[in-house]
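The values are calculated or read from the model by the stated rules, or taken from the named source; none is laboratory data. What you see is a predicted model, and the numbers here were worked out from it, not measured in a lab. Cβ sites come from the backbone with ideal geometry, for glycine too, and all protein chains shown count toward neighbours.
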Amino acid sequence: MTKQGAMFGQSSGEVLDLAAKSAASMTAASMLGMSMMTQAMGLWMGSVARLMEQAQKPAQDAESNAAAEPASHQNGAAEPKISDDLKKISGIGPKLEQVLNKRGIATYAQVAALNDDDVAGLEQSLGIEDRIGRDNWIAQASRLAAGN
């Protein structure tokens, strides 16, 4: 027996066993602490990444809205003061007329002046695939603008 072991009535093997258990306990506690820290760090990083995505989304939405707006309205042309009744164009109802007006399209001449890129952008952003061509908005608007 060692001196310390004799004091407590333990053999040297028991003292070593106790020391090994202490070292294992310390290691386990350290590993538990490390895993908790890693988990917390992962949660924090995920939150930061989500916040950064949300901060970038308004800028991306603004860019996509600008891309969807007809080119004739992106160059800073003044909005027309007089608007036509776009509901006279087959396929345009009151709600769609409001949406077009908010996008700066308020006259027959503006609808008639839409090019292929404008049409594609409008159809995609409004979720009305092929409707402008199918309902022949441009031809209808041209006739209405000419007074027919």
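Pairs needed: first member in the range 39-68, surrounded by 10 or more Cβ atoms within 10 Å (Cβ to Cβ); second member anywhere, modelled with pLDDT of 75 or more; C-beta distance under 6 Å; at least 6 residues apart or different chains.
ALA68/GLY121; ALA68/SER125
Which members of the range 133-144 meet the condition of being closer than 17 Å to ALA106 by Cβ and touching a residue at least 40 places away in the same chain (Cβ under 8 Å)? Before the answer, list the steps.
Residues of the range 133-144 that are closer than 17 Å to ALA106 by Cβ, as a first pass: 137-138, 140-142, 144.
Within the range 133-144, TRP137, GLN140, ALA141, LEU144 meet the criteria.
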